Amino acid sequence: MSDYTQEKLLERINKHLDELEKLPKIRENTSIMQTLQEHGFSRRDFMKWAGGMAAMLSLPSIFIPSIARAAEMADRMPVIWLHMAECTGCSESLLRTDTPTIDSLIFDHINLEYHETIMAASGWQADENLESAIEKHKGKYVLLVEGGIPDGDSAYFLTVGAHAKTGREIAIHASENASAIFAIGTCSSFGGIQAANPNPTNAKPLHKITNKPVINVPGCPPSEKNIVGNVLNVLLFKTLPKLDVYNRPKWAYGLRIHDLCERRGHFDAGEFVQEFGDEGAKNGYCLYKVGCKGPYTFNNCSRERFNSHTSWPIQAGHGCIGCSEPNFWDTMKTFEEPLGDRLFQSTFGGLGADAITDKIGIGVLALTGIGIAAHAVLSSAVAKEDTQERADS
Ligand code: FSX
Ligand code: SF4
Ligand code: F3S
């Protein structure tokens, strides 16, 4: 980014934040800094967090003060969060932490007008709250939707609230006047487990239900970083981020899990876990042969991890199951076996190939898949020979 572009961008962000500052705060007597301090975080921790966010959003460090300012003003941005057919894991990913993280506290700080898991209202009152939030913040609220949405004759498999409206009706209605729409989680982005074969409820992703633009934030569940990062992105830029072919923000889903995996050195050296619990597993070897789908999965888990950077699936000892890819329940199975040459048979839709923006053709990625499988076989053979030679000498 040239200095000129940086300055122009900063100017635009600050102008937008100045406008936001004029809007009323939802809670007069508190601030994000106060909340953070009550939970033991210092200003320094907060600025460190803002620095991490800048790096995650690929912004240079001069943007850090604006990121902190945007987070401080998150309580001016109305947010409506809807639940469709799902397990609530996406919300839990953000909210269910033993010790609140800065991300979860910032999420608490936003002007969350409606969220079925954490709001006090129920029944008629809840329906009314949703309606009045949509009406009051027309054109200004950010809509986050979690879950797949039963469609057509099956729409009645999901009804919500005292008026028993279908999830489909509610999602369409709430999308009409939203300023930005995010599909949170793989279910809302691509259909997820509900839409897995044979999809008995005819569940669809949000973008097939509404005709408004939808930004997909997949993962089953997505990390708290990717959820908060997207909210922050709207606060900062007020425009859509750069997206890949599946409408996923490129700052989060631009690289494969395999590209930055901590076990990658073992993959390249042909050192594989052959079965769970073996010596290779104890040594932290690559999990490809026990089914890791990291080479076919676009997400930032290997860089950002979960729970304030504590851990992530591969660090915990299980391969990636490809949970942020379309149709992964069908295309990435069997989870504990490598895909190998099955890539050529029926899984093109599930590869997550960013054919246009990354200039990688799906065919090339499929070949990469074969290359990966072949590498796993050949490099282990070489590693075995090496070991044999060492043993013989
Ligand atoms: Fe669950 Fe969200 Fe998976 Fe789906 O997550 S964690 S089934 S993506 O919609 O609640
Ligand atoms: Fe990591 Fe999986 Fe790639 Fe192995 S195959 S290096 S465990 S992402
Ligand atoms: Fe999902 Fe793989 Fe990350 S399973 S959580 S995309 S490591």
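Quick notes on this one:
- Residues of the stretch 146-159 classified as over 27 Å from residue 227 (Cα atoms) and free of Cβ contacts under 8 Å to residues at least 12 places away in the same chain, total: 1
- Extreme residue, farthest from residue 262 (Cα to Cα), among residues of the stretch 322-335 that are among the hydrophobic types (A, V, I, L, M, F, W, C) and surrounded by 20 or more Cβ atoms within 10 Å (Cβ to Cβ): 329
- Residue, surrounded by the most Cβ atoms within 10 Å (Cβ to Cβ), within the stretch 75-90, restricted to residues that are within 16 Å of ligand 3 (Cβ to nearest atom) and of a type outside the set (D, E, K, R): 90
- Condition check for residue 162: more than 16 Å from ligand 2 (Cβ to nearest atom), buried (at least 16 other Cβ atoms within 10 Å of the Cβ), among the hydrophobic types (A, V, I, L, M, F, W, C) and in contact (Cβ under 8 Å) with a residue 12 or more places away in the chain: no
- Residue 323 within 12 Å of ligand 2 (Cβ to nearest atom), at pLDDT 95 or above and among the hydrophobic types (A, V, I, L, M, F, W, C): no
- Among helices (runs of 4 or more DSSP H) entirely within the stretch 258-329, having at least 1 residues that are more than 16 Å from ligand 1 (Cβ to nearest atom) and closer than 30 Å to residue 199 by Cα singles out 313-316.
Residues are listed down the side, and each one gets a yes or a no for (1) within 23 Å of residue 333 (Cβ to Cβ); (2) of a type in the set (A, V, I, L, M); (3) crowded, with 22+ Cβ neighbours inside 10 Å:
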site	(1), (2), (3)
221	yes, no, yes
227	no, yes, yes
234	no, yes, no
241	no, no, no
247	no, no, no
260	no, yes, no
274	yes, no, no
298	yes, no, yes
310	no, no, no
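- The residues in the stretch 192-220 that are within 16 Å of ligand 3 (Cβ to nearest atom) and either farther than 19 Å from residue 251 by Cβ or in contact with a Leu (Cβ under 7 Å, 6 or more places away or on another chain) (or both) can be counted, and the count is 4.
- Applying the condition of being touching a Lys or Arg at 6+ places or on another chain (Cβ under 8 Å) and free of Cβ contacts under 8 Å to residues at least 24 places away in the same chain to the stretch 252-280 and asking which residue is farthest from ligand 3 (Cβ to nearest atom) yields 274.
- Any chance residue 163 is out of contact with any strand residue (DSSP E or B) (no Cβ under 7 Å at 6 or more places or on another chain), more than 19 Å from residue 243 (Cβ to Cβ) and not in a loop (DSSP other than H, G, I, E, B): no
- Pair list, Cβ < 8 Å and 6+ apart or interchain, from the stretch 207-232 residues that are on the phi > 0 side of the Ramachandran plot to residues that are within 12 Å of ligand 1 (Cβ to nearest atom) and modelled with pLDDT of 95 or more: 219/185; 219/186; 219/323; 219/324
- Test for residue 156: is it farther than 25 Å from residue 323 by Cα, outside any helix (DSSP H, G or I) and among the aromatic types (Phe, Trp, Tyr): no
Residue by residue, here is whether (1) in contact (Cβ under 8 Å) with a residue 60 or more places away in the chain; (2) out of contact with any helix residue (DSSP H, G or I) (no Cβ under 7 Å at 6 or more places or on another chain); (3) not in a helix (DSSP H, G or I) holds:
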site	(1), (2), (3)
40	no, yes, yes
52	no, yes, no
71	yes, no, no
82	yes, no, yes
113	no, no, yes
121	no, no, yes
133	no, yes, no
144	yes, yes, yes
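- When the stretch 166-182 is filtered for residues that are hydrophobic (A, V, I, L, M, F, W, C) and touching a residue at least 40 places away in the same chain (Cβ under 8 Å), the ones remaining, listed by number, are 170, 171, 174, 178, 180, 182.
- The residue that is nearest to residue 122 (Cα to Cα), counting only those in the stretch 165-198 that are aliphatic (A, V, I, L, M) and either within 16 Å of ligand 2 (Cβ to nearest atom) or touching a Phe, Trp or Tyr at 6+ places or on another chain (Cβ under 7 Å) (or both), is 178.
- In the condition set (1) at pLDDT 95 or above; (2) more than 16 Å from ligand 1 (Cβ to nearest atom), residue 229 is compliant with all but (1).
- Which numbered condition residue 332 fails, given (1) closer than 13 Å to residue 222 by Cα; (2) more than 8 Å from ligand 3 (Cβ to nearest atom): (1)
The values are calculated or read from the model by the stated rules, or taken from the named source; none is laboratory data. If you're wondering where the values come from, they're calculated on a predicted model, not measured in any experiment. Don't worry about glycine lacking a Cβ; one is built from the backbone with ideal geometry, like all the others, and counts go over all protein chains shown.
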